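The values are calculated or read from the model by the stated rules, or taken from the named source; none is laboratory data. All figures in this text were calculated on a predicted structure; none of them were measured in a lab. Neighbour counts run over all protein chains shown; Cβ positions are idealised from the backbone, glycine included. In case anyone asks, the SASA skips ligands and DNA or RNA and just uses the protein heavy atoms, side chains included. Shrake-Rupley method; radii C 1.70, N 1.55, O 1.52, S 1.80 Å.
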Amino acid sequence: QVQVVESGGGLVQAGGSLRLSCAASGSIFSIDAMGWYRQAPGKQRELVASITRGGSTYYADSVKGRFTISRDNAKTTMYLQMNSLKPEDTAVYYCNAAGARLGVLWGQGTQVTVSS
């Protein structure tokens, strides 16, 4: 079984930076990909960035050039470095882990608030 726990959210002014962390524990060998999603009030949850087991990354157009997804060598912790934050980045950010045998797991979410 796999568990994922996010941390690192908070309040920041526009133009500032935050780094989110997602710690995976348990049967991490069953994880094929991990990603960050976000959900703003009144909006659908959207994929922000993802990274596969092989290291391939994906970014939503809205965050390209500003956000960077990465993970540690042990592949137990995933990060999202968020720079040049904008008020429209305000949302609850969720960590996601997925695998053929694992299915899809979600973390509890962490609030990111960007003030103008």
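Can you name every residue in the range 13-25 that is under 17 Å from the mean Cα position of the chain (by Cα) and aliphatic (A, V, I, L, M)? Matches in the range 13-25: Leu18, Leu20, Ala23, Ala24.
If you filter the range 7-59 down to residues that are modelled with pLDDT of 95 or more, hydroxyl-bearing (Ser, Thr, Tyr) and in a loop (DSSP other than H, G, I, E, B), you find that the one that is farthest from Thr77 (Cα to Cα) is Ser17.
When the residues of the range 95-116 are filtered to those that are open to solvent by less than 60 Å² (accessible area, probe 1.4 Å) and out of contact with any Asp or Glu (no Cβ under 7 Å at 6 or more places or on another chain), the one that is farthest from Ser30 (Cα to Cα) is Ser115. Answer with yes or no whether Leu105 is of a type in the set (A, V, I, L, M) and modelled with pLDDT under 95. When the stated conditions are applied, Leu105 passes them. Scanning the range 71-107 for residues that are in a loop (DSSP other than H, G, I, E, B) and either in contact with a Cys (Cβ under 9 Å, 6 or more places away or on another chain) or of a type in the set (Gly, Ala, Ser) (or both) yields Ala74, Ser84, Ala100, Gly107. Residue by residue through the range 60-77, note down the ones that are surrounded by 14 or more Cβ atoms within 10 Å (Cβ to Cβ), closer than 29 Å to Phe29 by Cα and modelled with pLDDT of 95 or more. Ala60, Val63, Phe67, Thr68, Ile69, Ser70 - these are the residues of the range 60-77 that are surrounded by 14 or more Cβ atoms within 10 Å (Cβ to Cβ), closer than 29 Å to Phe29 by Cα and modelled with pLDDT of 95 or more. Of all residues in the range 26-56, those being closer than 23 Å to Arg101 by Cβ, under 12 Å from the mean Cα position of the chain (by Cα) and open to solvent by 60 Å² or more (accessible area, probe 1.4 Å) number 0. Residue count for the range 8-23 satisfying the condition of being more than 14 Å from Ile69 (Cβ to Cβ) and touching a Ser or Thr at 6+ places or on another chain (Cβ under 7 Å): 6.
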